[in-house]
């Protein structure tokens, strides 16, 4: 829940709600990250995947809506991990709020919103959903390029995992407008 002071409620990013992955995004997360199995994972921690995926989603200009799922199975970025990584997550949130032009704000308004704590629940939820939609889009991008991609015959790596990582590093996301 939001923090309440004597006069008003504070909606601080990454301090109120855990992040839940459901449906296909949960499945993609399960493929990219395996809890306690670093050798089989692309990411050491789920919070690392969450942060990197948000950056990848922004860079690739790829957002994905939350998928509704009847299953109770989900992957959760725990509140403790979010709080312990606020120094990483908050700058990413600010970059997204500045760079994303889907909110019909001019640059000055986006800049101001990036450095302000939301004053109401609706703004907080909208901004968190914006961040999370980029994270889901980034997870889809990473899944496609690290899991689904099959190395070409001219690549010198027998291990698909290594080949896909090298290919992703050697072919950065080229999108106009974001350097």
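Readers should treat all values here as calculations from the given coordinates under stated rules, not as data from a laboratory. Since this is a predicted model, take the numbers as computed values, not measurements.
Before moving on, here are some points about what is shown:
- Prolate/oblate/rounded call for the stretch 20-72, Cα gyration tensor, a/c under 1.5 rounded: oblate
- Ratio Rg/Rh [Cα only; Rh per Kirkwood] for the stretch 1-124: 0.99
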